[in-house]
Amino acid sequence: MKLYSDPKIKEACGVFGIYSLSGEPAAESIYYGLSSLQHRGQESCGMAVCDTRGPKGNMNAHKGMGLVNEVFNEDILNTLQGNLGIGHVRYSTTGAASINNAQPLVLNYIKGTLALAHNGNLVNTRELREELVQTGAIFQTTTDSEVIAYHIAKERVHTHNVEEAILHTAGKIRGAYALVIASPRKLIGVRDPLGLKPLCLGRWDDAYILASESCALSAVGAEFIRDIRPGEIITITSEGITSNCHLCQTQHAHCIFEYIYFARLDSTLDGVNIYDARVKGGAALAAAYPADADLVVGVPDSGIPAAKGYSEASGIPFALAFYKNSYVGRTFIKPTQKERESSVRLKLNVLASVVNGKRIVLVDDSIVRGTTIAGLIRMLKGAGAKSVHVRISSPPFLYPCYFGTDVPSNKQLIASSHTSGEICSMIGADSLGYMKLEDLQLMTGDLSLCKACFDRQYPMDITGHTEEKIQ
């Protein structure tokens with residue numbers, strides 16, 4: 001028997017944390033850090049801060065729906081006093097857009113105060129949640145992040161410190177997660193044992209920083225120290241840094257979608273520069289699917305470096321064919337299809353003088369539903385392009401992702417029910433070529449990858465995770 005309604009919990013976000021040992025205010029740095037991670041979530045954001053020299057229950061938080069610069073202003077930042085804090089930017093799929101689901105989550109419980117921000121998605125949320133419901137827990141959100149926070153609070157009652165409670169909880173949860181956690185005197189980072197979600201460590205003067213991507217470190221002038229190891233729990237206190245690798249393992253599965261699309265172009269994740277990876281992907285695509293064309297163009301932003309790689313490998317000149325309106329968000333992570341389609345028209349406009357009379361190779365990073373690329377092809381041909389040969393720097397999306405990328409069901413994946421030839425005709429392209437599955441490794445070297453959305457080789461058991469099964 002179900003003990004609660006079973007909402008779909010799908011989210012992938014950006015996290016940021018900072019601890020200034022000298023007592024410098026944290027809120028402004030969190031603001032800039034979150035702004036640099038805005039590409040990872042545009043639906044809601046928030047931060048929680050505390051003064052490590054003040055009372056232990058002095059956690060102050062503010063969160064809201066919208067972009068970072070819409071949710072925060074100078075007056076609000078001035079109310080968030082403290083030298084330790086965490087922040088979060090979020091996106092979700094349909095049905096989960098709510099201020100209640102905005103993070104960080106702040107808990108006041110028998111052992112004190114805890115704030116948590118989470119990037120990723122668990123695959124055993126149902127059983128973990130039911131365990132808590134049976135003991136009387138009342139949930140305020142529909143996120144698996146709240147399940148994690150409650151289990152930490154529950155474990156903390158029986159442990160010597162919060163790190164031990166986090167270790168016990170991390171041993172129970174399965175899935176993808178990068179966590180930043182603030183207790184009144186500690187900043188803690190946790191990464192899942194497979195390394196599905198990224199997390200890195202930086203330093204600026206006497207402040208330590210945890211962030212989803214290295215670009216957030218650069219945004220606050222911090223020096224990159226290293227990536228958090230998969231399975232590692234890192235604790236930052238006034239005494240310095242300690243590391244617990246009890247859950248570290250040799251098997252890793254870094255999400256390939258970070259390198260294809262999700263991460264920002266100027267980031268480096270687990271030793272792989274995102275820009276270089278995408279250029280290599282484009283070069284591999286040119287070798288596999290050459291085209292007789294006059295120009296290579298890319299779909300901004302993540303398609304541009306792949307287009308450059310295609311151009312360099314093929315010898316076909318590269319050009320910019322689209323003007324991008326930077327004030328419109330990413331179309332892939334818009335919650336509804338109608339919003340996605342509308343934002344494409346607002347976001348990009350063709351430079352007609354560049355493409356008129358030309359045979360075009362159009363490079364993009366992925367085709368999920370097919371509507372975006374079809375619209376771009378119509379725009380190019382409407383501007384006078386003779387032909388448009390589409391090249392995609394990822395293999396066809398065939399299977400749902402259960403680890404936090406918005407590919408929830410193969411019912412929404414055009415490649416799961418149509419051949420490449422059918423898709424080519426549906427989107428109006430003159431030819432279509434996808435990245436070969438075996439060429440993905442060329443982007444990331446010897447880094448172990450999760451490619452389950454392409455090959456169905458999930459790195460863990462996902463049976464029963466969702467009501468929608470893989471067909």
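Efficiency by 1/(1 + (r/R0)^6): what FRET value for CYS245 and GLU28, r their Cβ-Cβ distance, R0 = 51 Å, to the nearest 0.05? With R0 = 51 Å, the Cβ-Cβ based efficiency is 0.95.
A full extension of the chain between ILE76 and PHE224 corresponds to an added length of 50.4 nm, given 0.36 nm per residue minus the alpha carbon distance.
Shown here are the Rg and Dmax of the Cα trace of the chain, at 22.4, 72 Å. Electrostatic bookkeeping for ASP205 treats Lys and Arg as +1 and Asp and Glu as -1; over the other residues with beta carbon under 10 Å from its beta carbon, the sum is -2. Would you mind checking LYS197/LYS308; LYS381/LYS436; LYS324/LYS436; LYS154/LYS451; LYS308/LYS347; LYS308/LYS381 for any pair whose Cα atoms are more than 25 angstrom apart? Those over the limit are LYS197/LYS308; LYS381/LYS436; LYS324/LYS436; LYS154/LYS451.
Indicate the gyration tensor shape class of the range 44-192 (rounded, prolate or oblate), computed on the Cα atoms with a ≥ b ≥ c the square roots of the eigenvalues: a/c under 1.5 is rounded; otherwise a/b larger than b/c is prolate and the rest oblate. Cα axes put the range 44-192 in the oblate bin.
Report, in degrees rounded to the nearest 10, the 0 to 90 angle that the Cα long axis of helix 144-156 makes with the longest principal axis of the chain. That helix lies at roughly 20 degrees to the long axis. The charge dipole of the chain, taken about the Cα centre with unit charges on the Cβ atoms of Lys, Arg (+1) and Asp, Glu (-1), comes to about 940 debye, rounded to the nearest 20. Computed from label points 7 Å out along Cα-Cβ, the spacing between ASP294 and LEU320 is 2.1 nm.
Note on ASP461 and HIS160: the extension gain reaches 105.1 nm, defined as 0.36 nm multiplied by sequence separation minus the Cα-Cα distance. Between the Cα long axis of helix 274-288 and the first principal axis of the chain there is an angle of about 30°, rounded to the nearest 10. Within the shell defined by Cβ-Cβ distances under 9 Å, the residues around CYS215 carry a net charge of -1, with Lys and Arg each +1 and Asp and Glu each -1. Between the alpha-carbon centres of the range 395-458 and the range 27-55 there is a gap of 33 Å. Among the GluC sites (Glu not before Pro) within the range 181-288, those in coil by DSSP and having at most 15 neighbouring Cβ atoms inside 10 Å are GLU239.
The label-point distance for ILE110 and ASP266, in a model that sets each label 7 Å from Cα toward Cβ, rounds to 4.8 nm.
Model label points for THR135 and ASN100, set 7 angstrom from Cα along the Cα-to-Cβ axis, are 2.2 nm apart.
Positive-end ranking of CYS50, ILE76, HIS62 along the dipole of the range 40-83, with charges on Cβ about the Cα centre, is headed by CYS50. Mind running the shape call on the range 158-221? Use the C-alpha gyration tensor, a ≥ b ≥ c as the square roots of the eigenvalues: rounded below 1.5 for a/c, prolate if a/b tops b/c, oblate otherwise. Oblate. Heavy-atom surface analysis with a 1.4 Å probe gives the range 376-447 a carbon and sulfur content of 52 percent of its accessible area. Between the listed residues PRO400, CYS424, ILE360, the Cα displaced farthest toward the positive end of the dipole of the range 357-439, a dipole computed from Cβ unit charges relative to the Cα centre, is found at ILE360.
The values are calculated or read from the model by the stated rules, or taken from the named source; none is laboratory data. Every value quoted in this text rests on a predicted model; they were computed, and no experiment measured them. Neighbour counts are summed over all protein chains in view; Cβ atoms, including those assigned to glycine, are modelled from backbone coordinates with ideal geometry. For the accessible areas, the whole protein counts, side chains as well, though only heavy atoms, and no ligand, DNA or RNA atoms are used. Shrake-Rupley method; radii C 1.70, N 1.55, O 1.52, S 1.80 Å.
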